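Working notes for the structure below.
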């Protein structure tokens, strides 16, 4: 009896229809500007022009992508993510939730955080779009808390290819 139940469960698992796919574009995001009015602020959070991170862009509304545009970056020692509000595209956005995983494995989330210069080309990619160009500036990147800003504004830019 147990064998029949296990075989039935395995068959149902195999026959189950797959979930809708998540559609993403990935590639390198380069830091094209690291600006601060405080000497050493960008160096203190390991941000400098020419550094690059692995980037992943997941636009809203495609398959199981959800209702928010997501852009994540992954350096060898830290990561971050920009998540727009529901139904707000990253293209032209001026604020978003910014999540950070620090090199120390600490985590922080900043809601309604200032971003600027957000430009996505094309602004609303379709599943068949081969490449997406993304540029965005994150204000006070890698801040420890909202009341303790990093004073380092970083601009990311990259051409991302659709993941097969």
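The values are calculated or read from the model by the stated rules, or taken from the named source; none is laboratory data. These figures come from a predicted structure and were not determined experimentally. Reconstructed Cβ throughout: ideal geometry from the backbone, glycine too, with neighbour counts over all protein chains shown.
Taking the range 70-85, which residues are assigned to a loop (DSSP other than H, G, I, E, B) and over 13 Å from residue 58 (Cα atoms)?
Restricting attention to the range 70-85, the residues satisfying the condition of being assigned to a loop (DSSP other than H, G, I, E, B) are 75-78, 84-85.
Result: 75, 76, 77, 78, 85.
Out of 69, 64, 28, I need the residue that is under 27 Å from residue 85 (Cα atoms) and surrounded by 19 or more Cβ atoms within 10 Å (Cβ to Cβ). Which one? Working first, answer last.
Details: 64 fails: surrounded by 19 or more Cβ atoms within 10 Å (Cβ to Cβ); 28 fails: surrounded by 19 or more Cβ atoms within 10 Å (Cβ to Cβ).
Just a single option satisfies the conditions, and that option is 69.
I'd like the full set of residues that are surrounded by fewer than 22 Cβ atoms within 10 Å (Cβ to Cβ) and touching a residue at least 24 places away in the same chain (Cβ under 8 Å), limited to the range 143-156.
Quick first cut of the range 143-156, residues surrounded by fewer than 22 Cβ atoms within 10 Å (Cβ to Cβ) only: 143-151, 155.
Hits for the range 143-156 are 143, 144, 145, 146, 150, 151, 155.
Of (1) buried (at least 20 other Cβ atoms within 10 Å of the Cβ); (2) at pLDDT below 95, residue 57 satisfies all except one. Which?
Here residue 57 meets the rest and fails (2).
Take residue 85 and decide whether it is surrounded by fewer than 16 Cβ atoms within 10 Å (Cβ to Cβ), closer than 12 Å to residue 25 by Cα and in contact with a strand residue (DSSP E or B) (Cβ under 9 Å, 6 or more places away or on another chain).
Values: surrounded by fewer than 16 Cβ atoms within 10 Å (Cβ to Cβ): yes; closer than 12 Å to residue 25 by Cα: no; in contact with a strand residue (DSSP E or B) (Cβ under 9 Å, 6 or more places away or on another chain): yes.
No; evaluated as a whole, the condition is false for this residue.
Which of the residues belonging to the range 87-109 are part of a loop (DSSP other than H, G, I, E, B), at pLDDT 95 or above and either under 15 Å from the mean Cα position of the chain (by Cα) or over 14 Å from residue 60 (Cβ atoms) (or both)?
Within the range 87-109, 88, 89, 90, 91, 93, 94 qualify.
With the condition kept exactly as written, say whether any residue in the range 110-117 is surrounded by fewer than 19 Cβ atoms within 10 Å (Cβ to Cβ), farther than 26 Å from residue 46 by Cβ, in contact with a strand residue (DSSP E or B) (Cβ under 9 Å, 6 or more places away or on another chain) and modelled with pLDDT of 95 or more.
Checking the range 110-117: not a single residue is surrounded by fewer than 19 Cβ atoms within 10 Å (Cβ to Cβ), farther than 26 Å from residue 46 by Cβ, in contact with a strand residue (DSSP E or B) (Cβ under 9 Å, 6 or more places away or on another chain) and modelled with pLDDT of 95 or more.
Condition test on residue 56, is it outside any strand (DSSP E or B) and in contact with a strand residue (DSSP E or B) (Cβ under 8 Å, 6 or more places away or on another chain)? Steps first, answer last, please.
Numbers: outside any strand (DSSP E or B): no; in contact with a strand residue (DSSP E or B) (Cβ under 8 Å, 6 or more places away or on another chain): yes.
No.
Could you list, in sequence order, all residues of the range 120-137 that are over 14 Å from the mean Cα position of the chain (by Cα), assigned to a strand (DSSP E or B) and free of Cβ contacts under 8 Å to residues at least 40 places away in the same chain? Lay out the reasoning, then the answer.
Initial filter on the range 120-137 (over 14 Å from the mean Cα position of the chain (by Cα)): 121-131.
After this cut, where a residue has to be assigned to a strand (DSSP E or B) as well, the list is 121, 131.
Within the range 120-137, 121 is the sole residue that qualifies.
Just checking, does the range 149-164 include any residue being assigned to a loop (DSSP other than H, G, I, E, B) and within 17 Å of residue 57 (Cα to Cα)? Step through it out loud before you land on a result.
Of all residues in the range 149-164, those assigned to a loop (DSSP other than H, G, I, E, B) come to 149-152, 163-164.
Going one step further and asking which of them are within 17 Å of residue 57 (Cα to Cα), we end up with 163-164.
Yes, the conditions are met somewhere in the range 149-164.
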